[in-house]
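Trainee: What follows is a structure written as structure tokens; I'll ask about it next.
Every read-out reported here was derived from the displayed coordinates using simple, explicitly stated rules and does not represent laboratory data. These numbers were taken from a predicted model, which means no experiment stands behind them. Here the Cβ is made from the backbone with ideal geometry for all residues, glycine too, and neighbour counts use every protein chain on show.
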Amino acid sequence: MQTSFEVENRLGYRILRWILAVALISGVIVSAIQVVLDANRVSVDLDNQARQTIAIVKDAATQAVFSIDADLAEQVVDGLFAREAVHLAQILHTNGDPLSSRERPLTESISRPLTDWIFGAERQFRTELIRNSNSDTVYGYFVVHYDTVPAAHMWLGRATATFTSVIATAVILGMVLFFIFHMLLTRPLLRIVHSVKQVDPAHPDDRLIDKPAGHEKDELGLWVSATNTLLVAIGDSQKRHREAEDKVNRLARFDQLTGLLSRDSFMELLKADLEESKRNHTRLSVIVCGIDDFKSINDQCGFRTGDRTLQTVADRLINSLNGSRYTVARLGGDQFVIVEKGLKDGFQAADTAEAILAGISENIGVEDQNISITATLGIALYPSDAIQPDRLLQSAEQTMMLAKQKGRDHFQFYVASIDQEIRDRKQLEKDLSQALALDQFHLVYQPQINLVTKRVIGAEALLRWEHPVRGLVPPDYFIPVAENNGSIVEIGQWVLEQACLQAKLWADKDLPLRIAVNLSAVQLRQDRIVDDILSTLKRHDIPAGRLELEVTETSFMTNLADAVAKLHTLNRAGISIAVDDFGTGYSSLTYLKKMPVQHLKIDKQFIRDLLINEEDTQIANTIIDLGKSLNLTVVAEGVETAEQEYYLSQRGCKLAQGYFFSRPLRPADFETFVQGFHQKILENNT
Ligand code: C2E
Ligand code: CA
Ligand code: CA
């Protein structure tokens, strides 16, 4: 919008121009008529004056010409010249000879060209001189020429005055009218324009147009009132329009019954979530949840109860899955969908599925009825099952349908192998949680041999799980599960108790061995771990030097300072610390220097191919040398052959354990082994 406009375009100025033009033109016409009439009168006056003068002097002139009295004639002529306008005066004989003649030049005047054009330069009169009126004897002629300028001057003065006053009147009138117009119209209009410019087109009724002061009741005030009424109406209509738009949007985005996202908006969100997962290289699960046998709830209890049930399920889903990692939506009917972002693995999706099932299966109280419901879930994973949003959802929906055919109140994964694996692990987890109480654990001990003295100096305590159905479950399989669900803390404590108990028993039997216990990273992260270990030792009356804790490098990676502090406390109490599986992790010197470590355990993978694989031999050598330079005892683990044992002892590795000496043994077998082993060495020496 143009903010200022040309001055000559303003109404006031245009009015001024028009008034001036009209006043001037009409003034000029009127005054021209006046002036012309005046000129006419002047012209007639000139003639009348001349005739009167002639009439006055005619008798004297006749007398002079009759009596040929030159003096008299001259007197008459001179008398005439008293008048300014007379230019020439002559008394002539009949033959035309002058008896008396006088002439003076015409008056000089710059206005002559104009006045001569109007009045002529002079007026000439010639009268016959006759003695008495009844005789017609002509004695001579009387000639008078009048200069028109004196009269014309007077006329011109009047005409100028007339024109000037007309123009002045027009200008004054124009100015006055312009001012009045400006005050009454232009200025308030400009104010209105200014006020109109402040109106916000998006919210026209927020700021209405101000009424110009003093114009409340006139046409301007009326105009402003009418316009304001219009603005309010427009604002109102806009508001209604916006509200309607919002409502339409809400209806489209959210499910009316449950308030959850609708299918379309869910798909949009899923697309965005998948893009995010792709960027961050994280997993995501889509869980489709179908209520089991919802149709019979509707049939038996009515639609109202059915609706209330769906609302309750929606509320429960929202409440049990809060946090930005979850999206919950209603797909329609009795089906809901849940997305979980930032998944570690499929097991986490299984945990979520279990939580959902547990939440839904609580009884619902609707209008004095106690309704029990269950749901069946189908789970599809990104990126393993599908990468497109619609395919992923479709997979989860199909899986849910399939799962429903097999039963109710359970979940199923899209890929059968994953489903089986997860099912197994879930079962394992369940069994593991009862293993302690059902007394399914026991410890076995693997002897640790001093390669120089050939004596058994200690034992590593290793956990065994005797599963009633599966038999012996390998710790490499169940320990990660226990670490994952935290039960390792309790199990680890049990291992420690058992190991201490055993150490005490052996000490009492004059078998003072150092027991090495594996300490999981999860255990080391517990705040109470130091107190727990020290108090266990105390309770079993074991000197701290009898206990060794095996930790892996990864267990102090997450919170180095915390791990260092805890291990220092334990070490100061007399417990020795060994780094387990050394060489497989970071094997960083920085960590090693910070850690209060006494033993390095070369991982069995390097010992296995010792003397076969050059690289593994190199690593074993390096660890042995590193131990020497840092003054740490190196333990070789997994020694299976005499060659390995020979090489290691030659290379300067002080301790070893492995099948070459013994498999991990039950305590009684262990005692037998020690006796036999020492016996054999003795025999060899003698
Ligand atoms: P690890 O601490 O490295 O334990 C050494 C493993 O090597 C043991 O397997 C042992 O039986 C095996 N082994 C010993 N000598 C030989 C050999 O000559 N050849 C071969 N091939 N293997 C040998 P195991 O008992 O199955 O334990 C596996 C892992 O389970 C252990 O590895 C340890 O990380 C974990 N684990 C076992 N018991 C416990 C426990 O009480 N607590 C914790 N936190 N972890 C445990
Ligand atoms: Ca170990
Ligand atoms: Ca190891």
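Trainee: Checking the table Lys538/Lys566; Lys566/Lys601; Lys341/Lys604; Lys426/Lys604 against a 28 Å threshold on Cα-Cα, which pairs fail?
Mentor: Lys341/Lys604; Lys426/Lys604
Trainee: Mind putting together the pair-distance distribution for the chain? All Cα pairs, 20 Å bins, whole percent per bin, short to long.
Mentor: 12, 21, 16, 11, 9, 8, 8, 8, 6, 2, 0
Trainee: Rounded to the nearest 20 Debye, what is the dipole magnitude of the range 413-557 about its Cα centre when Lys and Arg each give +1 and Asp and Glu each give -1 at the C-beta? List each step's numbers first, then the result.
Mentor: On the way: 16 positive and 21 negative charges, 75 e Å.
That gives a dipole near 360 debye.
Trainee: Which value, in debye to the nearest 20, describes the size of the charge dipole of the chain about its Cα centre when Lys and Arg Cβ atoms bear +1, Asp and Glu Cβ atoms bear -1, and nothing else is charged? Write out the running numbers ahead of the final one.
Mentor: Values: 72 positive and 90 negative charges, 167 e Å.
Dipole about the Cα centre, nearest 20: 800 debye.
Trainee: Hey, another quick one. Under the Karplus relation 6.51 cos²θ - 1.76 cosθ + 1.60, θ = phi - 60°, what is the ordered set of whole-Hz ³J(HN,Hα) values for the range 340-352, x standing for Gly and Pro?
Mentor: 10, 9, x, 6, 6, 7, x, 5, 5, 4, 5, 4, 4
Trainee: Run the simple label-point estimate for Arg102 and Ala507 please: 7 Å along Cα→C-beta, distance reported in nm.
Mentor: In this crude spin-label approximation the distance works out to 17.4 nm.
Trainee: Sticking with this one: Nearest 0.05, what FRET efficiency do Asp315 and Ser417 give at R0 = 25 Å with Cβ-Cβ as r?
Mentor: It comes to 0.10.
Trainee: Sort out the exposed loop chymotrypsin sites (Phe, Trp or Tyr not before Pro) in the chain (DSSP loop, at most 15 other Cβ within 10 Å) and tell me the longest stretch that has none.
Mentor: 6-585
Trainee: Just from the alpha-carbon atoms, what are the Rg and Dmax of the range 431-677 in angstroms?
Mentor: Rg then Dmax for the range 431-677, in Å: 17.5, 50.
Trainee: Here is a follow-up. Can you give the translational diffusion coefficient of the range 346-478 in µm²/s, computed by Stokes-Einstein from the Kirkwood radius over Cα pairs at 25 °C and 0.890 mPa s?
Mentor: After rounding, the answer is 133 µm²/s.
Trainee: Taking a threshold of 26 Å on the Cα-Cα distance, which of the pairs Lys404/Lys430; Lys509/Lys593; Lys454/Lys504 fall above it?
Mentor: As for pairs spanning more than 26 Å Cα to Cα, those are Lys509/Lys593.
Trainee: Then there's this: Mean separation of Cα pairs under 8 Å and 6+ residues apart, divided by the residue count of the chain: what relative contact order is that in percent? List each step's numbers first, then the result.
Mentor: Values: 991 pairs, mean separation 48.0, N = 686.
Normalised by residue count, the contact order of the chain is 7 percent.
Trainee: Just to be sure I understand: if I project the alpha-carbon convex hull of the range 257-376 onto a plane and average over all orientations, what area do I get in nm²?
Mentor: Answer in nm², one decimal: 7.1.
Trainee: Rounded to the nearest 500, what is the chain's calculated 222 nm mean residue ellipticity when only DSSP H runs of at least 4 contribute -39500 (n - 2.57) each, over all residues?
Mentor: Mean residue ellipticity at 222 nm (helix-derived): -18000 deg cm²/dmol.
Trainee: If you place +1 on the Cβ of every Lys and Arg and -1 on the Cβ of every Asp and Glu, how big does the dipole about the Cα centre of the range 431-677 come out, in debye to the nearest 20?
Mentor: Using only the charged Cβ atoms, the result is roughly 740 debye.
Trainee: How long are the semi-axes of the equivalent ellipsoid of the range 1-139, taking √(5λ) for every eigenvalue λ of the Cα gyration tensor, in whole Å from largest down?
Mentor: Those come to 57, 15, 10 Å.
Trainee: If you bin every alpha carbon distance in the range 198-332 into 10 Å steps from zero, what whole percent lands in each bin?
Mentor: 10, 23, 19, 15, 14, 11, 7, 1
Trainee: Using R₀ = 45 Å, calculate the FRET efficiency as 1/(1 + (r/R₀)^6) where r is the Cβ-Cβ separation of Ser165 and Lys247; round to 0.05.
Mentor: E between Ser165 and Lys247, to the nearest 0.05, is 0.05.
Trainee: Right, another one. Enumerate the amide H contacts of Thr552 below 5 Å, restricted to partners 5 or more residues apart or on another chain; note that Pro and chain-start residues carry no placed amide H.
Mentor: Asp580
Trainee: What is the ratio of the Cα radius of gyration of the range 198-253 to 2.2 N^0.38 Å, with N the residue count, to two decimals? Before the final figure, lay out each step's value.
Mentor: Working: Rg = 15.6 Å, N = 56, 2.2 N^0.38 = 10.2 Å.
Relative to the rule-of-thumb radius for its length, the range 198-253 sits at 1.53.
Trainee: Obtain the nm distance between the two label points defined at Lys406 and Ala202 by a simple spin-label model: each point lies 7 Å from its Cα along the Cα-to-C-beta direction.
Mentor: Placing both labels 7 Å along Cα→Cβ, they lie 5.5 nm apart.
Trainee: Among Thr169, Gly365, Gly79, pick out the residue whose Cα is farthest towards the positive end of the charge dipole of the chain, where Lys and Arg carry +1 and Asp and Glu carry -1 on C-beta, about the Cα centre.
Mentor: After comparing all options, I get Gly365.
Trainee: Once amide H atoms are built 1.01 Å from N in the peptide plane, which residues 5 or more positions from Ser100, or in another chain, come under 5 Å H to H?
Mentor: Under 5 Å from the amide H of Ser100: Ile91.
Trainee: Report the antiparallel proportion of the DSSP beta bridges in the chain as a percent, rounded to a multiple of 5.
Mentor: Taking every DSSP beta bridge with both residues in the chain, the antiparallel ones total about 70 percent.
Trainee: Moving on. Can you sort Val522, Val176 from fewest to most other Cβ atoms within 10 Å of each residue's own Cβ?
Mentor: Val176, Val522
Trainee: Starting from the alpha-carbon convex hull of the range 384-451, give the projected area averaged over all orientations, in nm².
Mentor: 9.1
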